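Reading through the C-alpha cells given below for one structure.
The values are calculated or read from the model by the stated rules, or taken from the named source; none is laboratory data. This is a predicted model, so every value here is computed, not measured. A quick note on method: Cβ atoms are made from the backbone with ideal geometry, for glycine too, and the neighbour counts reach across all protein chains shown.
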Amino acid sequence: GTIGAASLLKNCLWSYMQSTTTTKSSYSEQLQSSLKKYQEMAEALAERLLDLHCRLLSLYILQDAESLDWENNKPFFESERGSYVIQMWWLYMQGTKEDLWNTVPPKMAQRVFSGMLNETLTILTVRYGQITSSECRSQLVTVDISNLLLCIAQLLPSICDNAEQLIGLYLNNQSKILRDIHSKCQELLICFVLRGAPLDVLHKVFRKGFDNCELSKSRGHTLSPWIAFSLQNIFKESPKNVTKITELPDNTAIALEFLVLLNQPQPNWALLLKVCCMRNFNVLLIILQESLAKFNNPSDFVKIAPNCTKCNGFLCTGDGICKSVEWKTSFLKDQQYYDIIYAISHIFLTIGNESDLATLFLPVLRRNENWGQCFDRN
C-alpha cells in the first residue's frame with residue numbers, strides 16, 4: 001500500500017507539473033524536488049519489498065525437513081504426491097503476484113515479481129541439481145522438477161512482453177533476468193531427463209559422449225525445449241529448430257501471445273491489437289463469424305440514444321454503451337453483438353489494406369444474408 005501511495009503522489013505531482021504554465025520559479029523547483037523524492041522513495045520501497053519476499057521464500061517457504069530428507073529410505077507419502085516445498089512456493093508466488101498486481105505500479109510489480117522468481121529459481125536449481133537421493137526418494141525428485149517446470153511456465157508470462165520472450169527466442173537481446181530464468185529452467189530439464197530416464201535409454205543416448213547430445217547444445221536463438229515440455233497444451237507437437245515466431249503454427253503462436261496478454265498487470269492495448277490482427281486477422285474473423293451468426297434481428301435493433309453523457313469511467317467514449325450494457329453477463333445481448341461487429345469493422349477499416357478487406361473481411365460478411373442491416377443499410 002505504501003508503494004502504491006507513493007507512486008500515486010508521484011504521478012499526481014508529475015501531472016500537475018505538466019499542466020502548469022510556470023516553467024521557472026521557486027514553486028516549480030519545489031515540485032521538482034518533491035517529485036524526485038517520491039521517485040526515490042518508491043524505488044527504495046520496491047527494493048525493500050523484493051528483499052523481504054526473497055528472505056521469506058528462502059528461509060521459510062523453501063524449507064521443509066520432511067520432504068527434503070532425500071536420503072530417507074521410505075517413499076514420501078507413498079510416492080503419491082510431490083513435496084510441500086514446491087506446492088507452497090507455487091501458492092506463495094501466485095498470492096504475491098495477485099497482491100503486486102493490485103497494489104503496486106505495473107512495471108514495478110513486474111520487476112519485483114521477476115526478481116522473486118529469479119532468486120528462488122536459483123536456490124531450487126542448485127538444490128535439485130546437486131542432491132543425492134535414495135532409491136525410494138528418486139521419484140520425488142523427478143516429480144518435483146516436473147512440477148516446478150510446469151509452475152514456471154505459468155508464472156513466466158507475467159514478466160514477458162511478447163511470445164518471443166516467453167519461448168526463449170533471441171535471448172541474447174533480452175534482459176538478464178529472462179536469460180537467467182531460461183538458462184536455469186533448461187538446467188532443470190536436463191536434470192529431469194538424466195534423473196528420470198531409464199538407464200538403458202541413457203546408455204543409448206550418451207554412448208557417443210555427452211557433448212554430442214542435443215541437450216548440451218546452446219540454444220540462444222531457438223525455442224527453449226523446456227517451454228515446449230511445460231506447455232504441452234499449446235505445443236501439440238514437439239517443435240524443432242524454431243528460430244522465429246512466424247515458423248510456429250497459427251494456433252500455437254496466437255495461444256502464446258494470448259498467454260502473455262492475459263497475465264499482464266495492466267491492459268496492454270498494443271499487444272491486444274497485435275493478437276487481434278496477427279495471422280491474417282485470425283482471431284477477429286472467428287469473433288466476427290460468431291457474432292454475425294448470433295446477432296438476431298438486426299433490422300429490429302434499436303440504436304443507442306444520442307446526447308449520452310460520460311460516466312467518468314476510464315476510456316469512456318460518452319456514447320452510453322457502458323451504461324446500457326452489462327458485459328459481465330454469461331450471455332451476450334444484441335447490443336453487445338452490435339458493438340463487437342462495429343469494433344471489428346473499425347479495426348479492419350483502419351488497419352487493414354484493400355486486400356484484407358476483399359479477401360478476409362467481406363467474404364465473412366456476405367455469408368450472412370442480412371449483413372447489410374448490421375451496418376444500418378436497408
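Things to note:
- Sole residue being among the hydrophobic types (A, V, I, L, M, F, W, C) and either crowded, with 21+ Cβ neighbours inside 10 Å or in contact with an Asp or Glu (Cβ under 6 Å, 6 or more places away or on another chain) (or both), chosen from 121, 194: 121
- Single condition residue 155 does not satisfy, out of (1) in contact with a Lys or Arg (Cβ under 8 Å, 6 or more places away or on another chain); (2) among the aliphatic types (A, V, I, L, M); (3) not in a helix (DSSP H, G or I): (3)
- Among all residues of segment 241-254, there is at least one that is at pLDDT below 95, hydrophobic (A, V, I, L, M, F, W, C) and in contact with an Asp or Glu (Cβ under 8 Å, 6 or more places away or on another chain).
- From the options 354, 369, residue that is modelled with pLDDT of 90 or more, outside the structural domain of residue 257 (by TED's automatic domain parsing) and farther than 27 Å from residue 252 by Cα: 354
- Some residue of segment 113-129 being under 30 Å from residue 39 (Cα atoms), of a type in the set (Lys, Arg) and out of contact with any helix residue (DSSP H, G or I) (no Cβ under 6 Å at 6 or more places or on another chain): no
- Test: residue in segment 215-224 that is outside the structural domain of residue 333 (by TED's automatic domain parsing), at pLDDT below 95, in contact with a helix residue (DSSP H, G or I) (Cβ under 6 Å, 6 or more places away or on another chain) and under 30 Å from residue 133 (Cβ atoms): yes
- Filtering segment 77-95 to residues that are surrounded by fewer than 16 Cβ atoms within 10 Å (Cβ to Cβ) and closer than 19 Å to residue 113 by Cβ leaves 91, 94, 95.
- Elements of type helices (runs of 4 or more DSSP H) in segment 182-262, at least 2 residues being under 27 Å from the mean Cα position of the chain (by Cα) and of a type in the set (Phe, Trp, Tyr): 225-230
- Qualifying residues in segment 96-105 (those that are among the polar types (S, T, N, Q) and free of Cβ contacts under 8 Å to residues at least 60 places away in the same chain) - the one surrounded by the most Cβ atoms within 10 Å (Cβ to Cβ): 96
- If you check 150, 169, 91, 121 for being closer than 28 Å to residue 275 by Cα and part of a helix (DSSP H, G or I), only one passes: 150.
- Selection of segment 59-74 for residues being assigned to a loop (DSSP other than H, G, I, E, B) and farther than 16 Å from residue 131 by Cα yields only 74.
Results for (1) farther than 30 Å from residue 145 by Cα; (2) assigned by TED's automatic domain parsing to the domain that holds residue 125, shown as yes or no for each residue.
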{"position": "5", "(1), (2)": "yes, no"}
{"position": "9", "(1), (2)": "yes, no"}
{"position": "19", "(1), (2)": "yes, no"}
{"position": "29", "(1), (2)": "yes, no"}
{"position": "36", "(1), (2)": "yes, no"}
{"position": "50", "(1), (2)": "no, no"}
{"position": "53", "(1), (2)": "no, no"}
{"position": "83", "(1), (2)": "no, yes"}
{"position": "101", "(1), (2)": "no, yes"}
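- Search result, residues across segment 49-76 that are acidic (Asp, Glu) and either free of Cβ contacts under 8 Å to residues at least 60 places away in the same chain or under 15 Å from residue 115 (Cβ atoms) (or both): 51, 64, 66
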